[in-house]
1. Any residue in segment 55-69 that is in a loop (DSSP other than H, G, I, E, B) sitting within a Cβ distance under 6 Å of a residue that is basic (Lys, Arg)? List the pairs, counting only those 6 or more apart or interchain.
2. Taking residue 99 as the residue in question, decide whether it is surrounded by 16 or more Cβ atoms within 10 Å (Cβ to Cβ), in contact with a Leu (Cβ under 6 Å, 6 or more places away or on another chain) and at pLDDT 90 or above.
3. Yes or no: segment 45-65 includes at least one residue that is charged (D, E, K, R), closer than 20 Å to residue 79 by Cβ, surrounded by 14 or more Cβ atoms within 10 Å (Cβ to Cβ) and touching a helix residue (DSSP H, G or I) at 6+ places or on another chain (Cβ under 7 Å).
4. Being among the acidic types (Asp, Glu) and free of Cβ contacts under 8 Å to residues at least 12 places away in the same chain is the filter; apply it to segment 149-175 and report the residue that is surrounded by the most Cβ atoms within 10 Å (Cβ to Cβ).
5. So which residues in segment 102-143 are within 18 Å of the chain's Cα centre (by Cα), modelled with pLDDT of 85 or more and hydroxyl-bearing (Ser, Thr, Tyr)?
6. When residue 58 is evaluated against the numbered criteria (1) touching a Leu at 6+ places or on another chain (Cβ under 7 Å); (2) within 30 Å of residue 106 (Cα to Cα), which criterion, by number, is the only one it fails?
7. Looking at segment 83-96 only, could you name the residues that are in contact with a Ser or Thr (Cβ under 8 Å, 6 or more places away or on another chain) and part of a loop (DSSP other than H, G, I, E, B)?
8. Answer with yes or no whether residue 28 is β-branched (Val, Ile, Thr), modelled with pLDDT of 90 or more and not in a helix (DSSP H, G or I).
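The values are calculated or read from the model by the stated rules, or taken from the named source; none is laboratory data. Since the structure is predicted, the reported quantities are computational estimates derived from the model, not experimental observations. Heads up, the Cβs are rebuilt from the backbone with ideal geometry, glycines too, and the neighbour counts pull from every protein chain shown.
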Amino acid sequence: MIGFLRGIVHAYGSDFVLIDVNGVGYRINFYHSEALSKGKEMIIYTYQNVREDEISLYGFLSLEEYDLFIKLISVKGLGPKIASNILSRASVDSIITAVETGDINFIRHMPGIGNKTASQIILDLKGKLVESSSAETSVSEEMHDVAEALKQLGYKSTEIRPVMKKLAKEKGSTDELIRKALALLMK
């Protein structure tokens, strides 16, 4: 199995990257085109999917994203393409928070996910994604509330994700975190 590839980005599209590793081009299903630029050297963590009629690679920017992908494809009825689409639409932290808090609406709004699959994801993965203490859970719930408040104010996920990463180590009430998030978004 191919664990990761280090090479030069040769070409890319909205759902793939072609990476040159010492003269060999690997086509990887990759949904983070915003992180790519032609000629850039990068490491992409990979999952090799083998089916009867196809061998394909799925790529990830971090080991955390890769680990969550592995757990998602263990859910009955969830294949690698849908799991990759989920990870392309939301951050690892927001997905984990949604599963741990049982936020079926968040999961249901992912591409290719209906009510039944969203329920199955929560049933299969709740409690398995984090070694949680009560403090970690409350912080995660606060961060989830902040993200939801920003969505209600009309901000897009692509605007919210970077702010949530900056706020990850911040402490305070939900209201204070929302104020800090808005201040970051105004910059």
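1. Close Cβ pairs (under 6 Å, with a partner that is basic (Lys, Arg)) do not exist here.
2. Here the answer is yes, as residue 99 does meet what is asked.
3. For segment 45-65, residues charged (D, E, K, R), closer than 20 Å to residue 79 by Cβ, surrounded by 14 or more Cβ atoms within 10 Å (Cβ to Cβ) and touching a helix residue (DSSP H, G or I) at 6+ places or on another chain (Cβ under 7 Å): present.
4. Filtering segment 149-175 for residues that are among the acidic types (Asp, Glu) and free of Cβ contacts under 8 Å to residues at least 12 places away in the same chain, the one surrounded by the most Cβ atoms within 10 Å (Cβ to Cβ) comes out as 170.
5. 117
6. (1)
7. Correct list: 90 only.
8. Spelling it out, residue 28 is indeed β-branched (Val, Ile, Thr), modelled with pLDDT of 90 or more and not in a helix (DSSP H, G or I).
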